[in-house]
Ligand SMILES: NC(=O)c1ccc[n+]([C@@H]2O[C@H](COP(=O)([O-])OP(=O)(O)OC[C@H]3O[C@@H](n4cnc5c(N)ncnc54)[C@H](O)[C@@H]3O)[C@@H](O)[C@H]2O)c1
């Protein structure tokens with residue numbers, strides 16, 4: 001491992017291979033597109049194998065380099081397979097975006113163990129073991145790299161029906177700091193992007209919820225997938241070389257506080 005930052009940048013530039021989990025659709029697909037535009041070859045890992053393959057085929061048709069791999073991040077053998085296929089098909093991955101995540105609604109009183117485990121295993125355990133796989137392959141190859149985790153404003157502001165989700169994303173924020181401490185000396189930065197509400201798919205929220213929500217966002221709109229992809233790409237780039245262990249909230253100002261006026 002070189003401690004010369006210029007040499008590190010050169011070596012990372014020579015190995016522009018990224019793994020994006022959950023990259024078959026939604027925010028992940030936007031991150032895939034953005035990193036591909038930045039010149040990365042991408043391994044798209046998604047448990048919807050067909051969507052991952054379709055995304056990779058669409059990029060390949062545009063002259064980009066991508067492979068789609070069926071991968072359930074809750075399963076460690078799937079993660080090993082994703083990284084092995086990325087390395088064999090594209091070269092050693094040096095960038096990981098831990099985007100795969102689920103956000104079902106389950107009221108706390110009715111929560112089952114299965115509900116809890118599904119969310120924590122996907123959002124937290126899967127992100128940790130993908131990060132470990134990236135760090136192992138980068139260090140084995142003597143390279144430097146970086147990891148971008150995807151948390152949520154739910155890490156900082158609770159949502160009814162999302163106790164498991166909020167807990168998982170708060171843990172992702174802290175995991176980001178812990179991994180930055182352990183991986184920093186290995187030449188691997190670890191950062192996080194925390195989106196506010198993003199209309200990643202149709203029917204995500206009702207029209208009424210949408211209207212009420214917008215009234216709480218100083219920027220006056222709901223997030224777009226590219227809002228998140230832009231910040232993820234920045235965190236993955238050499239422009240963020242001295243940013244480590246940080247979480248950037250991308251929410252149009254939603255978390256700034258109450259937008260209620262006490263008196264006229
Ligand atoms: N959409 C939002 O409002 C919002 C807000 C804050 C944070 N986020 C976070 O952003 C990320 C992407 O969300 P989205 O809205 O694009 O979701 P989405 O459901 O549109 O896409 C998620 C992708 O992850 C994949 N995936 C789910 N479980 C997986 C698993 N076990 N293994 C591999 N792939 C899996 C899905 O197949 C899908 O392609 C998630 O981590 C989510 O928690 C979303």
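Please treat every number below as a calculation from the coordinates, not as lab data. Remember, it's a predicted structure, so these values are computed and weren't measured experimentally. In this analysis, Cβ positions are derived from the backbone assuming ideal geometry, glycine residues included, and neighbour counts consider all displayed protein chains.
Numbers for the structure displayed
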quantity: Cβ-derived FRET efficiency at R0 30 Å, residue 177 paired with residue 80, nearest 0.05; calculated: 0.70
quantity: Förster radius 25 Å - calculated FRET efficiency between residue 258 and residue 221, Cβ distance, rounded to 0.05; calculated: 0.85
quantity: Computed E for residue 108/residue 139 - FRET, C-beta separation, R0 30 angstrom, nearest 0.05; calculated: 0.15
quantity: Full-stretch length increase - residue 199, residue 88 - with 0.36 nm per residue and alpha-carbon distance subtracted; calculated: 36.5 nm
quantity: Cα gyration tensor category, rounded, prolate or oblate, for segment 196-262 with a/c compared to 1.5; calculated: oblate
quantity: Helical contribution to [θ] at 222 nm, DSSP H n ≥ 4, -39,500 (n - 2.57), averaged over the chain, rounded to 500; calculated: -13500 deg cm²/dmol
quantity: Distribution of pairwise C-alpha distances over segment 5-249, 5 Å bins, in %; calculated: 1, 7, 14, 19, 21, 17, 11, 6, 3, 1, 0
